[in-house]
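Every read-out reported here was derived from the displayed coordinates using simple, explicitly stated rules and does not represent laboratory data. Computed from a predicted structure; not experimentally measured. Neighbour counts are summed over all protein chains in view; Cβ atoms, including those assigned to glycine, are modelled from backbone coordinates with ideal geometry.
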Amino acid sequence: MGMGTALSANQVDPRYLVSEPTVLLKQVEMFMRASLQSAPQTSVSNSTRIQEAVSHHLQSGGQRLRARLALSAGKAVGLKEDDCIIVATVVELLHNASLIHDDLQDRDEFRRGHQAVWSKFGSDIAICCGDLFLSASYAALANVSKAGALPKMYQAMHHRSSEAIYGQCADLSITPEQMQLETYLAIVRAKSGALLSLPLELVFLLSGHNSAILCTEQACKDFAVGFQIYDDLLDIDADQRQSNGSGKDRDALNIVSVFELMDAGLDTAFDSKRLAKDLATEYLLRAEAALTQLPVQSGAMLSECSQNIRGLLNQLSY
């Protein structure tokens, strides 16, 4: 399925994220590995396979969008560098847990040109590997400097993780015939928007800007919708170029397919791709408007991404 994977998909043009990674990002990578290796390891035979799987997944890389959002927002609101690194690590560990499990559920054999964990190590190891990333994310958060903020931060992690899980369950179970526009939007907001919002939310909870969280949630979910639709449009073009006549509908939940299903049997002639492009632009503009309301330009990086995606949308030939 194409839905819900746009923010980490291999095929998405990376030009939407043009800011140079900060030097702190290297420290995030180090802390991620340290967090995944911090628990006592058993000497039971073959138990080391999990660490092989962890290393293999981390080698696939990624742009670390969520980590970069946390670092950028944390710096803007004046968090200590160590706290910025911790929050960035937490959200990346949590996000990567979801990627490992998503690949298994979707039976995607490759991620960023590398074999997916389940494809290389088997389904059982993939489940355990994803669980280890998930557990490590909660342990990593315990290192923040303000212990008093931890209860609300842990609650936020659970809240957004639960939201993403419910969205994933809906995505896995729904059929194209059941898909309506509002359902599509709800699934995208839950699957992609929830964990995209979390970096900023954790930064605000740690820095005392709790009142910004509602606006953050709306902005990130609107951004996620715009991004997903952009990715869907890229998928449609790729499907048309790579069609082999098998009739296999690989992206049944693509927004263009949703519009075409809505139009089925009606005496209309609207352009589903153009409609999708306009809808993506609308949601990205909404996201940018909300991001300007966040404290001390802490939403600037995501706003930059949104503007870049709108530019890429305008380059599409419909």
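See the values below:
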quantity: For residue 117, net neighbour charge (Lys/Arg +1, Asp/Glu -1) across residues whose Cβ lies under 15 Å away; calculated: -3
quantity: Point-charge dipole on Cβ atoms (K/R +1, D/E -1) for segment 265-318, about Cα centre, debye to 20; calculated: 80 debye
quantity: GNM result for the chain, Cα springs below 10 Å: residue of 273, 221, 120 fluctuating most strongly; calculated: 120
quantity: Residue with peak Gaussian network fluctuation, the chain [Cα springs, cutoff 10 Å], from 216, 281, 183; calculated: 183
quantity: Between helix 49-59 and the chain: long-axis angle, C-alpha atoms, 0 to 90°, nearest 10; calculated: 60 degrees
quantity: The chain, helix-only ellipticity at 222 nm - DSSP H runs n ≥ 4, -39,500 (n - 2.57), divided by all residues, nearest 500; calculated: -22000 deg cm²/dmol
quantity: Reachable lysines from residue 120, criterion Cα separation under 28 angstrom, eight or more residues apart if same chain; calculated: 26, 191, 248
quantity: Options 183, 199, 98, ranked by Cα towards positive dipole end of the chain, top entry (Cβ charges); calculated: 199
quantity: Per-residue ³J(HN,Hα) for segment 129-143, Karplus 6.51 cos²θ - 1.76 cosθ + 1.60, θ = phi - 60°, Hz, x for Gly and Pro; calculated: 5, x, 4, 5, 4, 4, 4, 4, 5, 6, 5, 5, 5, 4, 8
quantity: Average Cα contact separation per residue, segment 23-106, under 8 Å, 6 or more apart, as relative contact order %; calculated: 40 percent
quantity: Which of 160, 310 has the fewest Cβ neighbours within 10 Å, and the rest in rising order; calculated: 310, 160
quantity: Local electrostatic count, residue 190, Cβ distance below 13 Å [Lys/Arg +1, Asp/Glu -1]; calculated: 0
quantity: Formal net charge of residues neighbouring residue 291 (Cβ-Cβ distance under 14 Å; K, R +1; D, E -1); calculated: -2
quantity: Translational diffusion coefficient (Stokes-Einstein; Kirkwood radius from C-alpha pairs) of segment 95-203 at 4 °C, 1.567 mPa s, in µm²/s; calculated: 85 µm²/s
quantity: Distant-in-sequence amide H partners of residue 110 (H built 1.01 Å from N, under 5 Å); calculated: 116
quantity: Selected from 64, 112, 189 as most flexible by GNM, with the chain as the system and alpha-carbon contacts under 10 Å; calculated: 112
quantity: Cα-projected label distance for residue 312 with residue 271, points at 7 Å along beta-carbon direction, nm; calculated: 2.1 nm
quantity: Cα-based helix-to-principal-axis angle, 65-77 vs the chain, degrees rounded to 10; calculated: 60 degrees
quantity: Charge dipole (debye, nearest 20) of the chain; +1 at Cβ of Lys and Arg, -1 at Cβ of Asp and Glu; calculated: 1020 debye
